[in-house]
Amino acid sequence: MTQKLYDLGCPVSDHAQILVHLIQHAFLNEERFALHFAQSKNRQKKWGKQKIKNALKLKGITPNLIQQSLQSIDQDEYLQTFSTTAEKTWSETLEKNFWKKQQKVISKLLQKGFERELIFEFLEAKKED
């Protein structure tokens with residue numbers, strides 16, 4: 001928010017007063033933002049928890065609040081999102097060589113922020129198919 005005030009050309013001497021006013025009147029609420037951010041990035045962008053965590057860190061959210069927001073994501077919904085994303089990625093990867101295809105899928109799922117354990121469980125199931 002401070003950066004936005006700079007961008008708008010607001011005098012630096014007024015920043016503290018404006019921020020206090022916004023917080024007192026519930027226009028700025030870091031907890032509400034973090035919870036909404038985590039849930040919406042998972043639902044809409046299909047991001048994994050690692051990517052959400054890193055994005056919240058970049059936004060200056062405290063580690064406790066990051067942990068709380070990641071826990072607010074429904075685990076069943078998260079696993080369903082992962083499963084759908086992994087299957088789609090697997091089917092869209094056109095590599096013929098199984099090992100190269102596996103590496104490409106791992107790379108794409110890691111970029112989306114999913115945990116290595118989930119990815120390797122998915123790939124183990126694909127080996128058995």
Relative contact order (percent) for the chain, with alpha-carbon contacts under 8 angstrom and 6 or more residues of separation? 24 percent
Using the Cα centre of the chain as the reference point, and only Cβ charges (+1 on K/R, -1 on D/E), how large is the resulting charge dipole? Debye, rounded to the nearest 20. 520 debye
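What percent does the relative contact order of region 2-71 come to when contacts are Cα pairs within less than 8 Å and at least six residues apart? Provide the component values of the computation, followed by the final result.
Numbers: 32 pairs, mean separation 19.7, N = 70.
So the answer I get is 28 percent.
Students often check this: by mean Cβ neighbours within 10 Å, which of 20-28, 101-109 ranks highest, and how do the rest follow? Could the numbers behind the result be given before it?
Values: 20-28: 10.9, 101-109: 17.2.
Sorting 20-28, 101-109 by mean packing, highest first, produces 101-109, 20-28.
If you rank Trp90, Trp99 by fewest surrounding Cβ atoms within 10 Å, what's the result?
Numbers: Trp90 18, Trp99 8.
Ascending Cβ contact count within 10 Å gives the list Trp99, Trp90.
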Lys/Arg Cβ at +1, Asp/Glu Cβ at -1, dipole of region 75-128 taken about the Cα centre: which of Leu94, Ile106, Ser83 is farthest positive-ward? Leu94
Lys and Arg at +1, Asp and Glu at -1: neighbours of Glu77 with Cβ under 15 Å from its Cβ sum to +3
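Taking a 21 Å limit on the Cα-Cα distance, which of the listed pairs Lys4/Lys59; Lys57/Lys112; Lys100/Lys126; Lys88/Lys126; Lys45/Lys126; Lys46/Lys108 fall beyond it?
On the way: Lys4/Lys59 13 Å; Lys57/Lys112 16 Å; Lys100/Lys126 14 Å; Lys88/Lys126 13 Å; Lys45/Lys126 24 Å; Lys46/Lys108 12 Å.
Violating the 21 Å limit, Cα to Cα: Lys45/Lys126.
I want the local charge near Gln50. Using Cβ-Cβ distances under 10 Å, sum +1 for each Lys or Arg and -1 for each Asp or Glu among the other residues. Could the numbers behind the result be given before it?
Details: positive: Lys49, Lys51, Lys53, Lys112, Arg116; negative: Glu115.
Summing Lys/Arg as +1 and Asp/Glu as -1 gives +4.
Bear in mind these aren't lab numbers, they're just calculated from the coordinates by the rules spelled out. Because the structure is predicted, anything quoted here is derived from the model rather than measured. Glycine also receives a Cβ, built like all others from the backbone with ideal geometry; neighbour counts cover every protein chain displayed.
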